[in-house]
Amino acid sequence: MNEVEAMIVWWVIDVIDKEARSWKLDVLSHIFPPKVCSRISRLPLNLPWREDRWARAAKPKGVFMAKHELV
């Protein structure tokens, strides 16, 4: 078993080479079919890195709802 086959991917960052700002194509191609891998690899990664944040559309009454889908 090589390094890619042994890798478990939990997060998007697991398939990104932060230093090169590029996709880890060997990992993508191991996880996804060629057509999906091709589409993902076309997503640009050359934008500045920012901290993650939550963003929601404003509601007139100021009420927000969250669902937990993995129960």
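The values are calculated or read from the model by the stated rules, or taken from the named source; none is laboratory data. Since this is a predicted model, take the numbers as computed values, not measurements. Reconstructed Cβ throughout: ideal geometry from the backbone, glycine too, with neighbour counts over all protein chains shown.
Annotation for region 42-65: no member residue is surrounded by 10 or more Cβ atoms within 10 Å (Cβ to Cβ), modelled with pLDDT of 70 or more and charged (D, E, K, R). Annotation: His30 fulfils all but one of (1) at pLDDT 65 or above; (2) over 18 Å from Asp14 (Cβ atoms); the unmet one is (2).
In region 1-24, the residues that are charged (D, E, K, R) form Cβ pairs under 6 Å with partners that are at pLDDT 85 or above and surrounded by 14 or more Cβ atoms within 10 Å (Cβ to Cβ), at six or more places apart or across chains, as follows: Asp17/Lys24; Lys24/Val15.
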